[in-house]
Amino acid sequence: MSLISNKKYIFLYAFAERVDRLSSLHEISAGNISQLPTISSENFRPSSTRAEVTFGVEDGLSSIMEQIYSLHFTSREMPNLESRLIVDAVEIWKELDESKPKSPLDTEDYSDLHASCVSSLYTWLYLVIHPNGMEDAKLQSAVQDGLASAENLISSKLSPFLFIPAFCLGLAAIHQNDRDSVKAIFEDIGQIAAFIDIRPYRGIVESSWRRWDRGDKRSWNWTD
């Protein structure tokens, strides 16, 4: 994945880079995990397009995403730290629960996008801590809520960001109607291929469905 070149989609790019890095865990060591570029509101100056430029940054979602990425990495490399991971996860869940879109990101569309991304990050975190929990009612409720919010944004100017729920919620979609929603979202965001080639990510999601249907209870974990 190339370095971030369009600040409007900085959260989107950063998410994709973390997915890519986790797909190549054998190439990463605990010593260089911190070398990934980070995102911070300090990188931006107010502008007329501030709402578009900073989605995921000033509302804290990028920071939460970084923490979940780190936990996922740690859970694979140092599984004996399970108790510590749970303590960290509880703090992250609290941040997710308290996260709200900030002005000027509090319009109806941005609120739907924020809600969908919160569900996505919750799903990712839940599965890192409960890797065999795909069928848990709490998780599946988050998947359905996140997809409902995402579907409100199909064909909107914010639809490129739906790559995040399409991937995270897609990995946990075990019911056909949810999978159909994920497919519709992937079809809609095909337009962002100029920034990110979504075909490999869609392939990962659809492969996870086949694995689940074959009985793999950890089909969500694309790093396996």
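A compact table of results
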{"read-out": "For the range 120-224: relative contact order, % (alpha-carbon pairs under 8 angstrom, 6 or more apart)", "value": "29"}
{"read-out": "FRET efficiency, residue 109 to residue 206 (Cβ-Cβ, R0 22 Å, nearest 0.05)", "value": "0.20"}
{"read-out": "Cleavage-rule hits (GluC sites (Glu not before Pro)) in the range 132-224: DSSP loop, at most 13 neighbouring Cβ within 10 angstrom", "value": "135"}
{"read-out": "Computed lengthening from residue 137 to residue 175, 0.36 nm per intervening residue step minus Cα-Cα distance", "value": "12.4 nm"}
{"read-out": "Computed magnitude of the charge dipole of the range 68-224 (debye, nearest 20; Cβ of K, R +1, Cβ of D, E -1)", "value": "440"}
{"read-out": "Ordering of 121-132, 85-96 by packing [mean C-beta count within 10 Å, highest first]", "value": "121-132, 85-96"}
{"read-out": "The range 119-224 - convex hull of the alpha-carbon atoms, volume per residue in Å³", "value": "88"}
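Every number here is computed from the coordinates shown, using simple stated rules; none is lab data. Everything numeric in this text was worked out from a predicted model, so none of it was measured. Neighbour counts are summed over all protein chains in view; Cβ atoms, including those assigned to glycine, are modelled from backbone coordinates with ideal geometry.
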